[in-house]
Structure formats: structure tokens, C-alpha cells
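These notes concern the structure reproduced below.
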Amino acid sequence: MINKTVLSVVISGCLLACSPTARIAQSTVDIRANAHRSKERFDKIHAESVKPTPNLGIITNQSKVGAREQEIIIGETNDISVQLTKVEDSVPWWANLLQWVMICLSILGAIGLLWYTGLGTLIKKLLNNLGLLIPERKKTAAKLLEESLDDPVKVREAIAAMRASDPTFDAAYRKVHKKG
């Protein structure tokens, strides 16, 4: 019996270089083996103690060996506690992907909600008033119009540039020009 205990302790010592999960697995095997042997010892001690004339030598020997097995079990549980700090939870690849998809959908939903409630337009107007988020085409058109205030040729150039850069403006201009 003692040889098995020594063997399990030696195996546990050899596994110190293994991964934490392998060490935890080996410790649980050692704990289970020692617990079964310890239970058998307690059964022997009990059987001997209820006899009319118990043999105190057997009881003493079995209790000493059982106490050593309990020390091994305690040591293995301590080792498991230490090894658990080195084990990391693994997250499946699809959970990370799902997390990013949900974050993107949440951001898009928040933007859609802001726009639907009109706050998006308000924010856009505020940023435009501050001179931010103005497209480069609009800046160029504004510059051309500013320069063309005194020259009718430049006004035509500015209108042509605005029509070329903005299809909606071009359609509106054609509609207004046909009426006039």
C-alpha cells in the first residue's frame, strides 16, 4: 500500500513540468486513489474496533497510514488550487464573432434611432455650423460662388460645377430652367 502512495507522489512530482490541466487531472486521479484506500482503512479500523477484543496494533497501524493518505489528499487539493490559477477559460471563435456582430448592430441601431428621431439631423446641422463634416465638393462650390459674385462668366462656371458635382442639384436646376 505504501508503495502505491509513494508511486503516486513520484508521478505527481514528475508531472510538475506538464500543463496545469494535466497536473490537475493527475491530482484528481491521485486524490481518488488515496480516498478509496483511506476508506478501506477506515472500514478495517471500524471492523477491528467493534470486535470483542480489538487488536490495537492493527488499528494504530491503519490509522497512521490513513493519516498519511489524508495528508497526500490535502497536498493534492492544494496543488489543484495553485494550478487552477494558471488555467484560462477558452472562448469559442464564434462567440467572439457574435460579440462583434452584436456590437456593430447596436451601433448601427443607435445611429438609426438617432436619425429616425431627428436628433441625427440636429447633430448634422450643429456639426455643419461648426464647419465640420462639410464635404469637399460643397466647399469647392461655395468657394466658386463666392468668387463669382461680381463676374457673370464665373457664375455660369459655378453653376456648371455644382451641376456636375451634385446630380440632385442638376435635376432641380433643369426643372427650374425649363419653367423659366
Within segment 145-156, can you find the residues that are open to solvent by 80 Å² or more (accessible area, probe 1.4 Å) and under 20 Å from Pro135 (Cα atoms)?
-> Glu146, Glu147
Output the number of residues of segment 16-43 satisfying the condition of being more than 30 Å from Thr85 (Cβ to Cβ) and surrounded by 16 or more Cβ atoms within 10 Å (Cβ to Cβ).
-> 1
Condition check for Thr5: modelled with pLDDT of 85 or more, in a helix (DSSP H, G or I) and open to solvent by less than 70 Å² (accessible area, probe 1.4 Å) | no
What number goes with the only condition from (1) of a type in the set (A, V, I, L, M, F, W, C); (2) surrounded by fewer than 12 Cβ atoms within 10 Å (Cβ to Cβ); (3) at pLDDT below 80 that Ala110 does not pass?
-> (3)
Look at Ile159 and say whether it is open to solvent by less than 70 Å² (accessible area, probe 1.4 Å) and in a loop (DSSP other than H, G, I, E, B).
-> no
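Quick one: which of Gly131, Gly109, Gly75, Gly120 is of a type in the set (Gly, Ala, Ser) and in contact with a helix residue (DSSP H, G or I) (Cβ under 7 Å, 6 or more places away or on another chain)?
On the way: Gly131 fails: in contact with a helix residue (DSSP H, G or I) (Cβ under 7 Å, 6 or more places away or on another chain); Gly109 fails: in contact with a helix residue (DSSP H, G or I) (Cβ under 7 Å, 6 or more places away or on another chain); Gly75 fails: in contact with a helix residue (DSSP H, G or I) (Cβ under 7 Å, 6 or more places away or on another chain).
After ruling out the rest, the residue left standing is Gly120.
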Among the residues of segment 72-131, count how many are over 30 Å from Ile24 (Cα atoms) and acidic (Asp, Glu).
-> 0
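Restrict the check to segment 166-180 and report whether at least one residue is in contact (Cβ under 8 Å) with a residue 12 or more places away in the chain, of a type outside the set (Phe, Trp, Tyr) and surrounded by 10 or more Cβ atoms within 10 Å (Cβ to Cβ). Walk me through how you get there before you give the answer.
Step one: filter segment 166-180 for residues in contact (Cβ under 8 Å) with a residue 12 or more places away in the chain, giving 166, 173.
Subsequent filtering for residues that are of a type outside the set (Phe, Trp, Tyr) retains 166.
Filter once more, so that each one left must be surrounded by 10 or more Cβ atoms within 10 Å (Cβ to Cβ): 166.
Yes, segment 166-180 contains at least one residue that is in contact (Cβ under 8 Å) with a residue 12 or more places away in the chain, of a type outside the set (Phe, Trp, Tyr) and surrounded by 10 or more Cβ atoms within 10 Å (Cβ to Cβ).
Of the residues Glu69, Glu76, Glu136, only one is modelled with pLDDT under 85 and acidic (Asp, Glu); which?
Glu136
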Is one or more of the residues making up segment 118-126 under 20 Å from Arg163 (Cα atoms), part of a helix (DSSP H, G or I), out of contact with any Asp or Glu (no Cβ under 8 Å at 6 or more places or on another chain) and among the small types (Gly, Ala, Ser)?
-> no
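Would you mention how many residues in segment 90-107 are in a loop (DSSP other than H, G, I, E, B) and at pLDDT 85 or above?
Our first condition is that a residue be in a loop (DSSP other than H, G, I, E, B); within segment 90-107, this holds for 90-92.
Narrowing further to those that are at pLDDT 85 or above: 92.
The number of residues fulfilling the criteria is 1.
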Give just the number: which of (1) outside any helix (DSSP H, G or I); (2) open to solvent by 70 Å² or more (accessible area, probe 1.4 Å); (3) of a type outside the set (Val, Ile, Thr); (4) modelled with pLDDT under 80 does Gly131 not satisfy?
-> (2)
Picking from Val87, Val82, which residue would you name as being surrounded by 10 or more Cβ atoms within 10 Å (Cβ to Cβ), in a helix (DSSP H, G or I) and of a type outside the set (Phe, Trp, Tyr)?
-> Val82
The one condition Gly66 fails out of (1) more than 30 Å from Ile45 (Cβ to Cβ); (2) surrounded by 11 or more Cβ atoms within 10 Å (Cβ to Cβ) is (1)
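The values are calculated or read from the model by the stated rules, or taken from the named source; none is laboratory data. Small disclaimer: the values here were computed from a predicted structure and weren't measured. Counting neighbours? That spans all protein chains shown, and the Cβs are built from the backbone with ideal geometry, glycine included. Accessible surface areas use protein heavy atoms only, side chains included; no ligands, DNA or RNA. Shrake-Rupley method; radii C 1.70, N 1.55, O 1.52, S 1.80 Å.
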